[in-house]
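So the structure is just underneath, and the comments pick up after that.
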Amino acid sequence: MTQISGGQAAVEALKAEKTEYVFGLIGSATMEMFDALYDAKDINFIGVHDERTGTHMADGYARASGNTGVILAGQNGPGTTNLVTGLAQAKAAYTPIVSIGGALATGHVYRDAFQEVDQQALFTPITKKTWTAPSADRVPELVQEAFRVANAPRKGPVHLNLPRDVLSTQAEYGPMLPPKSYRPVGATAGPADAITRAAKMLADAARPVIMVGAGIKNTGTADRAIALAEAFNAPLVSSPGHGDAIPFGHPLNAGQTGPRGNEVASRLMKEADVILALGTRIGFNATFYSYDNINCDAAIIHVEQEPTAIGRYFPVEIGIWGDAPTVADQLRTEAEKLNNRAKAEAWTESFKAERQAFLTRRDAEANVDNSIIQPSGLFKTLRDVVPQNAAYTMDAGTLCLQATDKLNYWQPKSLFTPLDFGLVGFSFAAGLGVKLAMPDRPVVSLMGDGGFGMTTSELSTAVDYGINTVTVVMNNGCWGAEKAYQRDFFNGRYIGADISSPPFDKLAELYGAKGYRADTLTQTAEAIEAALVCGKPAVIDVMVDPAALYSFRRDSFKHRGG
């Protein structure tokens, strides 16, 4: 038994979890933890300038690495309240994050003390679970419980409040438990009878489609989804935000489907007679919960590790509660026993031709000649210049939504977006986390000028810790999505839509990063090439046509008659 403080015990528990990075902002409420981190040579501390963006870094790191992201808000009250947006984002993305916040001393609770807020109540609705440590001797147990819950299917963020007196109190502790003793392991297979029926349904289909999501992407099992698609000669589409689940170059890959996907993948979903949903909820961004985006007559086979997701939005013919790659293997094995797998040949060959024509047309129709940079020309430039092993992070917003399916993702885990939370201000910070997880790969973060303006202080973090990402600011001088809605549905009655910003290239230089400005596509290409090899964090301020706006959520304004 060893007697140490609760703060030291918390760090020892992080070490037992093999924690590689802790993102955080120092505060007086958790000084015992920070002092213990000083001696924790196996843990790299990344000091951030805002707890929100630090949480986005933890989010990006966790998604890219497959590990658990850790964020430490050093101060109770305002330090922890700044975590809210980042944790809500992580919950929508099912990202495993352990959030630790300093908390008011237990003797001061309910006394209107300095910086008092009910942190237990605050974080409960935006996490999988929230705890407040009652005593120092419980700290290791609760840290380990936090990692266990964050990583249990379905994954997500958790939050642990550590009061000042709990962190400073000495207690006796035994050896920390190894994660394997309490963390979930293994995969879940689907029931044999359901697998047999599903395989026969796919084999008999004339127009089969396999829709893959995070259950394939996050497990790094594209090869197993591809083997399944090849066995049934079926096209693959991906849910929005997971366009990298299948490598771009595979001939059965149609790309992202849905209202924000491409026309080829979206048509497949609208015409398919059998849809295998493999590790995806068939959720909002893929369908808008409407049969406008999925064939109402299609038989759906839904494979999900979260049982409450099966058939939640669309009725299914067969629901299989199981791990997506494991069920994919089961179905492929079953396919080998069947003789009529070529039934979908005409459908699949037609799709391949249509897909190739779409890609050719996408390049041919890109506007590269206009004196003002157009989104289609910018996206073509990115496709041409950015290396195939690059990873992209994106914000929400009209330009990033246009970009999502206009870029090519050559290997899994190349696309990181806010997903269903639709957050502006995510991309740059998340990209820093992705880069720490993938130091040998280029990381390109796309943002609008509004979103980047929210997060520029983290340029200091990037410079101080040598996190060399390339941020492309698509600068159109406005909040593009909202301005498009005001233009299309409110007779151009603009209010709050236009914004001003400093020259981001010069701002980057002031922070010690590398800055570039691009007014033409030629300058953009040259800047990207230079930024990728400059050896510093880089920001490219790209002047994009402010009139090149698009209303994505036209369904929300049908009442306006636009």
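Values for this structure:
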{"item": "Order of ASP297, ASP488, ASP363, ASP59 under a 10 Å beta carbon neighbour criterion, fewest first", "result": "ASP297, ASP363, ASP488, ASP59"}
{"item": "Length gained when the stretch GLN3-GLU317 is fully extended (0.36 nm per residue, less Cα-Cα span)", "result": "107.2 nm"}
{"item": "FRET efficiency, 1/(1 + (r/R0)^6) with R0 25 Å, evaluated for GLN170 and SER28 via beta carbons", "result": "0.80"}
{"item": "Under DSSP loop assignment and at most 13 Cβ neighbours within 10 Å, longest GluC sites (Glu not before Pro)-free interval of the chain", "result": "1-335"}
{"item": "Centroid-to-centroid separation of the range 22-37 and the range 298-367 [C-alpha atoms, Å]", "result": "47 Å"}
{"item": "Histogram of C-alpha separations across the range 1-128, 5 Å bin width, %", "result": "2, 11, 21, 22, 21, 14, 6, 2, 0"}
{"item": "With eigenvalues of the C-alpha gyration tensor scaled by 5 and rooted, the range 261-312, Å", "result": "18, 12, 10"}
{"item": "Sequence-separation-based contact order of the range 1-120, relative, with Cα cut under 8 Å and 6+ spacing, percent", "result": "25 percent"}
{"item": "Ranked LYS337, LYS217, criterion: other C-beta atoms within 10 Å, fewest first", "result": "LYS337, LYS217"}
{"item": "Fewest-first sequence of TYR511, TYR289 by Cβ atoms within 10 Å of each Cβ", "result": "TYR289, TYR511"}
{"item": "Alpha-carbon centroid distance for the pair the range 394-419 / the range 96-175, whole angstrom", "result": "34 Å"}
{"item": "Cα-based Rg of the range 331-461 normalised by 2.2 N^0.38 Å, two decimals", "result": "1.35"}
{"item": "Scattering curve values for the range 228-323, log₁₀ I(q)/I(0), Debye with Cα scatterers, q = 0.21, 0.23 Å⁻¹", "result": "-1.10, -1.33"}
{"item": "Globularity index of the chain, i.e. its alpha-carbon radius of gyration over 2.2 N^0.38 Å", "result": "1.00"}
{"item": "Linear extension gain, SER135 paired with THR188, 0.36 nm per residue minus alpha-carbon span", "result": "15.4 nm"}
{"item": "Theoretical gain in end-to-end length, ALA364 to LYS180 [0.36 nm per residue, Cα-Cα removed]", "result": "60.9 nm"}
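Each value in this text was obtained by applying a stated rule to the coordinates, not by laboratory testing. Since the model is a prediction, treat every value here as computed from it, not as a measurement. Glycine also receives a Cβ, built like all others from the backbone with ideal geometry; neighbour counts cover every protein chain displayed.
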